[in-house]
1. How long is the stretch 284-368 along each principal axis, judged by its Cα atoms, biggest number first, in Å?
2. Only bridges with both residues in the stretch 127-273 count here: give the DSSP antiparallel percent, nearest 5.
3. Provide the packing ranking of 270-278, 169-177, 181-189, i.e. peptides ordered by the mean count of other C-beta atoms within 10 Å per residue, highest first.
4. Rounded to whole Hz and in sequence order, give me ³J(HN,Hα) for the stretch 202-214 from the Karplus expression 6.51 cos²θ - 1.76 cosθ + 1.60, θ = phi - 60°, writing x for Gly and Pro.
5. Counting only DSSP beta bridges with both residues in the chain, tell me the antiparallel percent, nearest 5.
6. Using helices alone, I'd like the mean residue ellipticity at 222 nm for the chain: each DSSP H run of four-plus residues gives -39500 (n - 2.57), total over residue count, nearest 500.
7. Give the aspartates and glutamates reachable from residue 164 as a straight Cα distance under 13 Å; neighbours fewer than 8 places away on the same chain don't count.
8. Between residue 208 and residue 145, take the C-beta separation as r, use R0 = 41 Å, and let me know the FRET efficiency to the nearest 0.05.
Amino acid sequence: MSGKEQHYINEAFDTNWIAPLGPNVDGFEASLAEFTGARHALSLSSGTAAIHLSLLMLGVRTGDCVICQSFTFSASANPISYLGASPVLVDSEAETWNMCPGALEDAIQACIDSPDSKKPKAIIVVHLYGMPAKMEKILAVAARYGIPVIEDAAEALGSEINGKKCGSFGLLGILSFNGNKIITTSGGGALLSEDEQLINRARFLATQARDPAPHYQHSEIGYNYRMSNILAGVGRAQMQVLEERIARRRWIYDFYRELLAGSEGVSFFPEPKGSYSNRWLTTILINPEKTGGINREDIRLALEAENIESRPLWKPMHQQPVFSHYPFFKTGVSDMLFEQGLCLPSGTGMTNSDLDRIAAALKKALNF
Ligand SMILES: *Cc1c(COP(=O)(O)O)cnc(C)c1O
């Protein structure tokens, strides 16, 4: 926390705005829209809820196909299943680790050419670890087939492509303020769009689909997905330290990169030209053929022995027991990333002496 959260929470209590609406909700939404450059923002109870509402509004229903990046956290794909639709999983390219535009096109074509000829209803692209996906190419493929794009920017608040913020490229963009993200409301999310009608529709669905009537009347199934005015107060204070947090995360990435610069077999994840990553997590790849046999698991366990937590990269959806039977369009990149990749401790709460301790453990694990 930044220290300023209590101010907004107290204000909510003092004015008795303890509800999923109120001045903090309005203030948080306005600051999200201003920061991301998206015209409209709607705060919600989670990023997952934002994806679920996005798919609902795009008319996804039982039997439909939705394209989803395979290399992601399961929350990107779960809402497809909530609606009885099927994910079609698309592998990554090596430069950004996100959806490969060529594999995306193959996937769309295969859906259209299948016996029941189903054009996918939506494309869910993710900016994993804060690294922007190749949006220009992905949007071009999507436009050619007339398929709307949902941009999962849960890990990429503050990341940019040529100065334009992630979350503002797709028809709909989603953010997360879960506890592990770059800023947090302890739990929460948001939906971003240029399209006011879509945001109004999402607000309606997220507020139990209550019709405008003096009594409670419902013509549609609704959801309880709004963010509370208390949590939005936390969000308002967190927005004030977002730039600082991004600067620190980027500093941590540079720290590790310099530390391991001379280490054969360890590679970093450079930003392609024009891209700016919030460096949510610092990730490295460890190629055991070049480290003298030391692999990702050796390093993870060596760190763990010193009470330092690190973690393999996301296990791709096509390798998950719950999604492995769905169609998958492979490049081989996400399998390699899962095998060789490690997320290093990246929290902005770490002190420089924490980082020195990690540095010593990493050098020892890598024998240099
Ligand atoms: C965290 C996350 C989500 C889900 O957000 P919640 O707010 O936890 O529901 C979705 N996609 C990705 C890539 C995430 O990292």
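Throughout, read-outs are computed from the coordinates displayed, never taken from laboratory work. The structure displayed is predicted, hence computed values, not measured ones. Don't worry about glycine lacking a Cβ; one is built from the backbone with ideal geometry, like all the others, and counts go over all protein chains shown.
1. 47, 32, 19
2. 70 percent
3. Peptide ranking by packing, descending: 169-177, 181-189, 270-278.
4. 5, 4, 4, 5, 6, 10, 6, 6, 7, 5, x, 7, x
5. 60 percent
6. After summing the helix terms and dividing by the residues of the chain, the value is -11500 deg cm²/dmol.
7. Of all the aspartates and glutamates, those that pass the test against residue 164 - Cα under 13 Å, at least 8 places apart if same chain - are 34, 136.
8. About 0.75, to the nearest 0.05.
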